[in-house]
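Structure first, commentary second.
The values are calculated or read from the model by the stated rules, or taken from the named source; none is laboratory data. Predicted, not measured: the structure shown is a model, and the values here were computed from it. Note that we place each Cβ from the backbone using ideal geometry, even for glycine, and neighbour counts take in every protein chain shown.
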């Protein structure tokens, strides 16, 4: 049996921790939390039309509007987009109106985040989009982490007009920040 002096054993232990524990120490001061970031699209098509009317509008989603994200704005290591939902409110129209081929895109890359094929408009509870696109999710996450804001474009067509409503898209994110940075 080989006997090592206590100081040699301590030195070996310190080297082992240094080589294997860097990631452990890096994550010790991290905080992770969930956020729900809204962006509002106010639609007010007054023109009377019995044929489809193309709609497109871009809004800015500013992550710093969320108090928790703003608190860590210079310490954010990662933002992950988990899901996107929508809610329709304040719907007013003389008859049934359908929003067709709806999509949410990240600007300026124009990568698709989510789509909704055919939505009959009325005041709704929060609803999941039909389809999501992981490339769009990744582009969103990169932009929101780097710039703390991102352009979101809503486009599609209204089956007929006039129609007015507010569509709010909700972006559910997980944020990781380095508290001691």
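Brief remarks follow.
- Residue 78 being within 22 Å of residue 164 (Cα to Cα) and surrounded by fewer than 16 Cβ atoms within 10 Å (Cβ to Cβ): no
- Residues being touching a strand residue (DSSP E or B) at 6+ places or on another chain (Cβ under 7 Å), farther than 16 Å from residue 170 by Cβ and crowded, with 16+ Cβ neighbours inside 10 Å are entirely absent from region 33-42.
- Elements of the type strands (runs of 3 or more DSSP E) sitting completely within region 72-181 and holding at least 3 residues that are touching a strand residue (DSSP E or B) at 6+ places or on another chain (Cβ under 8 Å) and under 26 Å from residue 31 (Cβ atoms): these cover 76-92, 161-178.
- Residue within region 133-146 that is crowded, with 20+ Cβ neighbours inside 10 Å and closer than 28 Å to residue 49 by Cβ present: no
- Some residue of region 43-61 being part of a strand (DSSP E or B), modelled with pLDDT of 95 or more, more than 30 Å from residue 161 (Cβ to Cβ) and out of contact with any helix residue (DSSP H, G or I) (no Cβ under 9 Å at 6 or more places or on another chain): no
- Candidates in region 147-176 are the residues that are buried (at least 21 other Cβ atoms within 10 Å of the Cβ) and more than 22 Å from residue 84 (Cβ to Cβ); of these, the one that is nearest to the chain's Cα centre (by Cα) is 163.
For (1) closer than 23 Å to residue 61 by Cβ; (2) buried (at least 20 other Cβ atoms within 10 Å of the Cβ); (3) touching a helix residue (DSSP H, G or I) at 6+ places or on another chain (Cβ under 7 Å); (4) modelled with pLDDT of 95 or more, each residue gets a yes or a no:
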position	(1), (2), (3), (4)
95	no, no, no, no
98	no, no, no, yes
108	yes, no, no, no
114	yes, yes, no, yes
117	no, no, no, no
120	no, no, no, no
124	yes, no, no, no
128	yes, no, no, no
131	yes, no, no, no
